[in-house]
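A.B. asks: Just dropping this structure here.
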Amino acid sequence: MEILLIAPRMGLRPMDSEFKRRMSPSLALPILAALTPPAHRVTIRDENVGDLTFAETPDLVGLSVDVTTAPRAYAIAAAWRQRGIPVILGGTHPSACPDEAGRHADAVCVGEAEEVWPAILADAQGGRLRARYQGPGAADPALIPAPALHLLDRQQYLYVNHLMATRGCPHSCDFCYNSGPHVTRGFRPRPLDRILAEIERLDTRQVLFVDDNLAGDPDWTRQLAQALYPRGLTWHAAVSADIVDRPGLLDAMAASGCRSLFIGLESLNPASLAAVDKRQNRRDTYARLVRLLHERDIMLNASLVLGLDHDGPDVFRTTADWLIAHRVETMTAHILTPYPGTRLFHKMEAEGRILERDWARYDTSHVVFRPRHLSPEELRRGYLGLYEEFYSLTSILRRLPRVGPRRLPFLVFNLAYRKWGSWLAPLASRGRMALAGRLWRRLSYHIE
């Protein structure tokens, strides 16, 4: 069969530039391609780096869909189905809303695809696609292959240096998809030898782990750090805030080349953290967490959620002051968004607080629910104001690391990516994205 896999074009928030779309390709479709037997031919089209022509004549079309790309994905699916070509939808949104997705496709894959993709292909080839496919539960991590990155035009992305070492997270926060019934709980690492072999194939000394929580099992993460140590890598990942209790693990990570961590601080208000079951976060440890990271020359990308039920009009001022005072290197803020299928969505729906169901606006930059102590206008205005202040030149200078190796990557991200990204990205989009990524890597870390 000729199989066409499509990544629908994502929208951009007010603070985003084209760098956001072209940062790195999603691994979902390359993993599906790697799972596909060689008797089939797979083509991947990423609408974030090029327009769809609908000129192909595939036997099967598959789309990976999240909540914000769902409207676009449904339109793409309709175009192929009008031509008589079967379409299957998978990803977080079809998994959370399979009945809705099923109205726009011939088949829906709920959950992880590793153990059902062979059956989907066999049924498609035999002309007997079922309306819904769902695996027996969590996929065996040993079955997760290295993604078929050779099917992508790597020159269209800033970086193609990322991999997934694990699946899952030990936590289940109310606003996260991990709280949904379609998600299998628990932390599942892939075999270490597979991870190391995949890193070798990336052929770069800078690696980004795109796992939900790379430190979901601290003992395993220590083993990973020990295996990475002799390889001379620079690497980045996401972990949870309870890593503050494991300075020894941070030592091992820093020694093996960890240079930045994305951590969901979410809120400075303990009541807000408790309200969304963020029990792994303790507000009184945040300052110590920042200090532990900076002592090891690890940059922090702090993730914040605004509009939680205990947030009032002072949340924006309090958050900005704390981030700047503690010289937090980068910040990613989100308006609280009740993703469909999560515990938060069901709670707000029962309370009559969902204001709209235009999924394209569920991008964490729009207010799609009724806040308790803020008007929707106050929340949106405060969110935009926090970004404007945090990435102002005054704030950038105040947060600039005083000494050490964090200074150059700090300046590259805050200035080239965030502050001036809206006019630099169009220049790089003319076939120079990969070149820009190499330049930033050299400037930041002096490596290829």
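A.B. asks: Taking a ≥ b ≥ c as the square roots of the Cα gyration tensor eigenvalues, with a/c under 1.5 meaning rounded and otherwise prolate when a/b beats b/c, else oblate, which class fits region 86-128?
C.D. replies: oblate
A.B. asks: What list of ³J(HN,Hα) couplings, whole Hz, do you get for region 227-243 from phi and the Karplus terms 6.51, -1.76, 1.60, once you set θ to phi - 60° and write x for glycine and proline?
C.D. replies: Once θ is set to phi - 60°, the couplings for region 227-243 become 6, 7, 3, x, 8, x, 8, 10, 9, 9, 6, 10, 9, 8, 5, 6, 5 Hz.
A.B. asks: With the crude spin-label approximation of a point 7 Å out along Cα→Cβ, what separation in nm comes out for Thr318 versus Leu439?
C.D. replies: Between Thr318 and Leu439, the label points sit 4.2 nm apart.
A.B. asks: Next question. Would you kindly derive the ³J(HN,Hα) couplings of region 255-268 from the backbone phi angles with the Karplus curve 6.51 cos²θ - 1.76 cosθ + 1.60 (θ = phi - 60°), listing them in order in whole Hz, with x for Gly and Pro?
C.D. replies: 5, 8, x, 5, 10, 7, 9, 8, 10, x, 5, 6, 7, 8
A.B. asks: Okay, next question. Counting only DSSP beta bridges with both residues in region 161-390, tell me the antiparallel percent, nearest 5.
C.D. replies: Of all bridge pairs located within region 161-390, approximately 20 percent are antiparallel.
A.B. asks: Work out the charge dipole of region 334-448 with +1 on the Cβ of Lys and Arg and -1 on the Cβ of Asp and Glu about the Cα centre, then indicate which of His346, Val367, Pro401 is farthest towards its positive end.
C.D. replies: Result: Pro401, furthest along the dipole toward the positive end.
A.B. asks: Restricting the count to DSSP beta bridges whose residues both fall in region 2-134, what percent are antiparallel, rounded to a multiple of 5?
C.D. replies: In region 2-134, approximately 0 percent of DSSP beta bridges are antiparallel ones.
A.B. asks: Could you give each residue of region 123-132 its phi-based ³J(HN,Hα) in whole Hz, using Karplus coefficients 6.51, -1.76, 1.60 with θ = phi - 60°, and x for Gly or Pro?
C.D. replies: Residue by residue, region 123-132 yields 5, 5, 5, x, x, 9, 3, 8, 5, 8 Hz.
A.B. asks: If each of Asp193 and Glu2 carries a label point 7 Å out from its Cα toward its Cβ, how far apart are those two points in nm?
C.D. replies: 4.0
A.B. asks: Answer rounded, prolate or oblate for region 12-61, using the Cα gyration tensor with square roots of eigenvalues a ≥ b ≥ c: rounded when a/c is under 1.5, else prolate when a/b is larger than b/c, else oblate.
C.D. replies: oblate
A.B. asks: Going by amide H atoms built from the backbone, whose H comes under 5 Å of the H on Thr332, apart from near neighbours?
C.D. replies: Ala302, Ser303, Leu304
A.B. asks: Tell me, Kirkwood radius of the chain from alpha-carbon pair distances, in Å?
C.D. replies: In the chain this quantity evaluates to 22.8 Å.
A.B. asks: Still on this structure: Give the percent of DSSP beta bridges with both residues in the chain that are antiparallel, rounded to the nearest 5.
C.D. replies: Once the DSSP bridges in the chain are tallied, antiparallel ones form about 10 percent.
A.B. asks: Separate question: For the chain, what does the helix formula give at 222 nm: sum of -39500 (n - 2.57) over DSSP H segments with n ≥ 4, over the residue count, nearest 500 deg cm²/dmol?
C.D. replies: -10000 deg cm²/dmol
A.B. asks: OK, next. Hey, can you grab everything whose amide H is under 5 Å from the amide H of Val207? Only 5+ residues off in sequence or another chain; H modelled, so Pro and N-termini drop out.
C.D. replies: Counting only residues 5 or more places away or on other chains, the set is Thr234, Trp235, His236.
A.B. asks: When the chain is fully extended, how far beyond the present Cα-Cα distance does Gln82 get from Lys347, taking 0.36 nm per residue of separation?
C.D. replies: Gain on extension, Gln82 to Lys347, equals 91.6 nm.
A.B. asks: Cα to Cα, under 17 Å, and not fewer than 8 places away if on the same chain: which lysines meet these conditions relative to Lys278?
C.D. replies: List returned: Lys347.
A.B. asks: Under 13 Å from a point 7 Å along the Cα-to-Cβ line of Asp153: which residues of region 45-87 have their amide N that close?
C.D. replies: 45-53
A.B. asks: Work through the residues other than Cys173 whose Cβ is under 12 Å from its Cβ and net out their charges, Lys, Arg +1 and Asp, Glu -1.
C.D. replies: Here the count lands on -1.
A.B. asks: Same structure, new question: Where the only charges are on Cβ atoms (+1 Lys, Arg; -1 Asp, Glu), what is the dipole of region 2-134 about its Cα centre, to the nearest 20 debye?
C.D. replies: 240
A.B. asks: A further question on this structure: Run the numbers for Arg381 and Ala287: contour at 0.36 nm per residue of separation, minus the present Cα-Cα distance, in nm.
C.D. replies: 31.1 nm
A.B. asks: What is the set of long-range amide H partners of Phe262 at a cut-off below 5 Å, with H atoms built 1.01 Å from backbone N?
C.D. replies: Ala237, Ala238, Val239, Asn301
A short reminder: the numbers here are calculations on the coordinates, not readings from a lab. All values reported here derive from a predicted model rather than from experimental measurement. Methodologically, a virtual Cβ is constructed for each residue, glycine included, from the backbone with ideal geometry; neighbour enumeration extends over all protein chains shown.
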